[in-house]
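**Q** The structure is given below, and queries will be raised subsequently.
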Amino acid sequence: MNVQFEGHTSIGKDEWLTPPYITDALGEFDLDPCSPINRPWETARKHYTIEDDGLTQPWIGRCWCNPPYGNETKKWLAKCVEHGNCIALIFARTETKMFFNHIWNSADALLFIKGRLKFCHVNGEQGGSAGAPSVLVAYGKANADVLEKCDIEGKFIRLK
Ligand SMILES: C[S@@+](CC[C@H](N)C(=O)[O-])C[C@H]1O[C@@H](n2cnc3c(N)ncnc32)[C@H](O)[C@@H]1O
């Protein structure tokens, strides 16, 4: 069954997790600043949850950021720009103000993922296909190089 989603879901708002083969293909991360409280796997060496409020905590090292959806996303992308050492995963809504403000004019590279991702539930089970295509966004040249060389199928575009 294909499941359309936009943040609010029957299993809880914003709790759609990155399929592990994506983070596995991108190397080790020091921090996931927006992580579930009960997670089925690690995405980084250190995690912040909603209880910590990852937006107000110090971001250290190489960060993985699949942020909360909707209006919240732009705050997390602004923090990615400020930190400068992150890979973010968001929907490829390339026409939006958010995409222009925090990606087209600020990121180092993009990898538009082929097809639609199937995000995972907090119990580790895979969900249906997402309602939109996804893009990986690199902040920092080293992260751009990782996106260029990784084996995730899609189209790589360097911006800087
Ligand atoms: C789209 S999910 C991605 C989870 C994980 N980063 C991943 O890649 O699988 C976004 C996560 O952000 C968490 N979250 C929401 N608000 C947050 C906040 N203020 N601080 C930290 N985490 C938050 C949610 O609980 C949810 O687990």
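**Q** May I ask you to list the residues in segment 119-128 that are free of Cβ contacts under 8 Å to residues at least 60 places away in the same chain and outside any loop (DSSP other than H, G, I, E, B)? Please lay out each step first, then the result.
**A** Restricting attention to segment 119-128, the residues satisfying the condition of being free of Cβ contacts under 8 Å to residues at least 60 places away in the same chain are 125.
Those that are free of Cβ contacts under 8 Å to residues at least 60 places away in the same chain and outside any loop (DSSP other than H, G, I, E, B): none in segment 119-128.
**Q** Here's a follow-up. Return yes or no: is L31 among the aliphatic types (A, V, I, L, M), at pLDDT 95 or above and closer than 24 Å to E153 by Cα?
**A** Considered against the rule, which asks whether it is among the aliphatic types (A, V, I, L, M), at pLDDT 95 or above and closer than 24 Å to E153 by Cα, L31 comes out as no.
**Q** Here's a check for you: in segment 121-160, which residue that is within 18 Å of E28 (Cβ to Cβ) and β-branched (V, I, T) is most open to solvent (accessible area, probe 1.4 Å)?
**A** Ranking the candidates gives V146 first.
**Q** Residues that are among the aliphatic types (A, V, I, L, M): which strands (runs of 3 or more DSSP E) entirely in segment 36-118 hold 1 or more of them?
**A** Strands (runs of 3 or more DSSP E) meeting the threshold: 86-91, 109-113.
**Q** Scan segment 96-103 and tell me whether some residue there is β-branched (V, I, T), open to solvent by less than 60 Å² (accessible area, probe 1.4 Å) and free of Cβ contacts under 8 Å to residues at least 12 places away in the same chain. I'd like the intermediate steps shown before the answer.
**A** We begin by selecting, within segment 96-103, every residue β-branched (V, I, T); these are 96, 103.
If we keep only those that are open to solvent by less than 60 Å² (accessible area, probe 1.4 Å) as well, we get 96, 103.
Then keep just the ones that are free of Cβ contacts under 8 Å to residues at least 12 places away in the same chain; that gives 96.
Checking segment 96-103: at least one residue is β-branched (V, I, T), open to solvent by less than 60 Å² (accessible area, probe 1.4 Å) and free of Cβ contacts under 8 Å to residues at least 12 places away in the same chain.
**Q** Only residues that are surrounded by fewer than 15 Cβ atoms within 10 Å (Cβ to Cβ) and closer than 22 Å to K155 by Cβ: list them for segment 75-95, please.
**A** The answer is R93, T94, E95.
**Q** Select, from S35, S106, the only residue that is among the polar types (S, T, N, Q), open to solvent by less than 50 Å² (accessible area, probe 1.4 Å) and more than 10 Å from the ligand (Cβ to nearest atom).
**A** On inspection, the qualifying residue turns out to be S106.
**Q** How many residues are surrounded by 14 or more Cβ atoms within 10 Å (Cβ to Cβ), in contact (Cβ under 8 Å) with a residue 24 or more places away in the chain and of a type in the set (A, V, I, L, M) when one looks only at segment 42-74?
**A** 1
**Q** So, in segment 130-160, how many residues would count as being within 15 Å of the chain's Cα centre (by Cα) and among the aromatic types (F, W, Y)?
**A** Residues flagged as within 15 Å of the chain's Cα centre (by Cα) and among the aromatic types (F, W, Y) within segment 130-160 amount to 1.
**Q** Among the residues of segment 43-64, is any within 16 Å of G124 (Cα to Cα), modelled with pLDDT of 95 or more and under 14 Å from the mean Cα position of the chain (by Cα)?
**A** Checked against the condition, which is being within 16 Å of G124 (Cα to Cα), modelled with pLDDT of 95 or more and under 14 Å from the mean Cα position of the chain (by Cα), segment 43-64 yields at least one hit.
The values are calculated or read from the model by the stated rules, or taken from the named source; none is laboratory data. These numbers come from a predicted model, not from an experiment. Here Cβ is always computed from backbone atoms with ideal geometry, including for glycine, and neighbour counts include all displayed protein chains. In case anyone asks, the SASA skips ligands and DNA or RNA and just uses the protein heavy atoms, side chains included. Shrake-Rupley method; radii C 1.70, N 1.55, O 1.52, S 1.80 Å.
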